[in-house]
Each structure stands twice: as structure tokens, then as C-alpha cells.
Amino acid sequence: MSTSHYLSCYPLSIKLIHFKRSFRSEPMHAGSGLIVIVQGGSGQLFLRNGISSAIKEGVFFFFHPGEGSFELMTDSIGTLKVALITYSALHIGETETVGGKLPSITGNGTIHRAASALTESQLSLLHQAMTEESEIGMLRRQHAFLELLLHLHAHQQAPDRIGHDSIQTTIDYMEQRLSKPFQISELYDRLGFLSDDRVTHGSYMDHAFDRVVELDPEQILVIWSDDASIHEFAADSRWQQLSAVKGNRVYFPDSLEWDPWGPIGREYMIKAMVRFFCRL
């Protein structure tokens, strides 16, 4: 591409949809660029040409304007949670600016899979940035979107992820079966976190968010919280000012890394967090 020709991408909206079981959506179109990310559950993707694909957590696909329509359907025994991200792509030249699509991004509903833990983390950052109305906030919005876009594009270059999905599922299952629980202190030790003299004990608190704002930690692990709570504090202006949030040092574990009995340190969970924090 010529140095006098540039490409700009900008997120327009994020829509989170939770489909009930045995629900089939109306046909959906891409008026502008569209990214669909499956955040939870499983179901089917139906394209206008009659092709259908099974989808589940971690799957994503792109649709460009003019590529027809698609429908989503949940499985009969579960639900389906998806994020719909619309964006604008502009080709900027010396004399004109033209809207278009990203030629290097595979569209037409071709499904791929990505590391859902990192995808969720970047989605959360984008969701936070979308709440800012200032000029700097608009730049953060674009930056967060480009980070997500590059992450998904990298996984589009690995088509064997779908072909070896059954192998990966088996590995995930064995890791969960054979993993051992750790004390939370060992989790912190493995991550190299230093203790804070202001925190003398751990407990469940009704006003934990206020305490986090007060402490302003350098790193944050959101180990157990429902979506509604996460979106609530992500929209809070105090959350935007936290050092960890500004420095992109917030980790949201994948749903497979959660335990219904509270914080744990499964081996594969620790490795995922170490990879996240060590890349900062």
C-alpha cells in the first residue's frame, strides 16, 4: 500500500445478545463491517447459501457489507451468548476517502476459533472504551478495537484450529480432570505478585468494588463475577481511572477456568495468567 494511502478502522457499536434455548434468530445483515463472537453456549450458524456450521464458545466470524444474511440458532438443551460488533473501514487517500471492507479479513461467515480468555479480555477493554465520550476516549476506542481485530485476524491464519477441534476438546477435558486445586497464596506466588500491607486478610465483601478503587492495585484478576456485575463496574468512571485498567493489566479467566466454589489455581489456569501478565 502506498504511503499516501491509509486504512482506518473504527468500532461503531457493541451489542450483546443472549438467545434462549431452541431459539432461531431472524436473518441478520451487515450494513457495515460486522464481527460476531460466541461468548458462551452452542448452536448453529445458517448462511443464505444453505451452508450451516456448528458454533460454540470461542468461535468468531466476519461479515462484510453485501455478503448476504445469516441466522443463529441455539441448541435445544442450552443457550447462546454472542457479541455483535459493527465497525467502519475507510480507505483514505490524498484526494478522497472511500468506505470499503478489509481485504485481508475473511468474511462470508467463515468460522474460526480463538483463545476465548484473551478474546473476552479484549472485548471487555473495548466495552469500557466505548463508554468514554472524550476525544482521548475515542482514540482508546479505536485502539482497543484494533487490538481485538489483530487478535482475531491472527487466529484466522490458523485454519487447523477448527479441524483439530475434537483433539483440543479432549486436551481441555483431560487438563480439567487431572488438574489439582492450589491455595490462593500459591497462585499469587506463581504469578509473582507481591503482597500489600494494606490487605491483611481475604474475604467476601458486599462492597468489594469500593475497596478495589481505594487500593488501586497494579494488576487485577476478575476470577468470579457474573456478566451483569462486570458490565456495571466497567461502565463506572472510577473503574476507568484504575492503574491496572489504564495499563491493560486486567485478566478475565475463561469460563473453563472458573470454579463454582470460588478462586482456585488450576495448573492450566495459572499458565494462562502467567502468559497474560508476562507479555505486559
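The values are calculated or read from the model by the stated rules, or taken from the named source; none is laboratory data. The structure displayed is predicted, hence computed values, not measured ones. Positions of Cβ are backbone-derived with ideal geometry, glycine not excepted, and every protein chain shown enters the neighbour counts.
Of the residues Leu12, Leu47, only one is assigned by TED's automatic domain parsing to the domain that holds Ala89, at pLDDT 90 or above and not polar (S, T, N, Q); which?
On the way: Leu47 fails: at pLDDT 90 or above.
Only one candidate passes the filter, namely Leu12.
For region 51-70, how many residues are in a strand (DSSP E or B) and over 19 Å from Leu152 (Cα atoms)?
Residues flagged as in a strand (DSSP E or B) and over 19 Å from Leu152 (Cα atoms) within region 51-70 amount to 3.
Could you please find all residues in region 60-95 being modelled with pLDDT of 80 or more and hydroxyl-bearing (Ser, Thr, Tyr)?
Listed by number, the residues that qualify are Ser69, Thr74, Thr79, Thr86, Tyr87, Ser88.
Of the residues that make up region 233-247, is at least one closer than 23 Å to Gly58 by Cα, buried (at least 18 other Cβ atoms within 10 Å of the Cβ) and at pLDDT below 65? Break it down stepwise before answering.
Of the residues in region 233-247, the ones closer than 23 Å to Gly58 by Cα are 234.
Retained after the next criterion (residues that are buried (at least 18 other Cβ atoms within 10 Å of the Cβ)): 234.
Pick out the ones that are also at pLDDT below 65 and you get none.
So far as region 233-247 goes, no, none of its residues is closer than 23 Å to Gly58 by Cα, buried (at least 18 other Cβ atoms within 10 Å of the Cβ) and at pLDDT below 65.
Here's the yes/no breakdown for (1) crowded, with 19+ Cβ neighbours inside 10 Å; (2) among the β-branched types (Val, Ile, Thr); (3) part of a strand (DSSP E or B):
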{"residue": "Ser22", "(1), (2), (3)": "no, no, no"}
{"residue": "Gly40", "(1), (2), (3)": "no, no, yes"}
{"residue": "Phe46", "(1), (2), (3)": "yes, no, yes"}
{"residue": "Asn49", "(1), (2), (3)": "no, no, no"}
{"residue": "Leu72", "(1), (2), (3)": "yes, no, yes"}
{"residue": "Ser76", "(1), (2), (3)": "no, no, no"}
{"residue": "Ala83", "(1), (2), (3)": "yes, no, yes"}
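In this structure, is Val98 modelled with pLDDT of 85 or more and assigned by TED's automatic domain parsing to the domain that holds Val36? Even if it seems obvious, please write down each step before you answer.
Details: modelled with pLDDT of 85 or more: no; assigned by TED's automatic domain parsing to the domain that holds Val36: yes.
Criteria not met by Val98.
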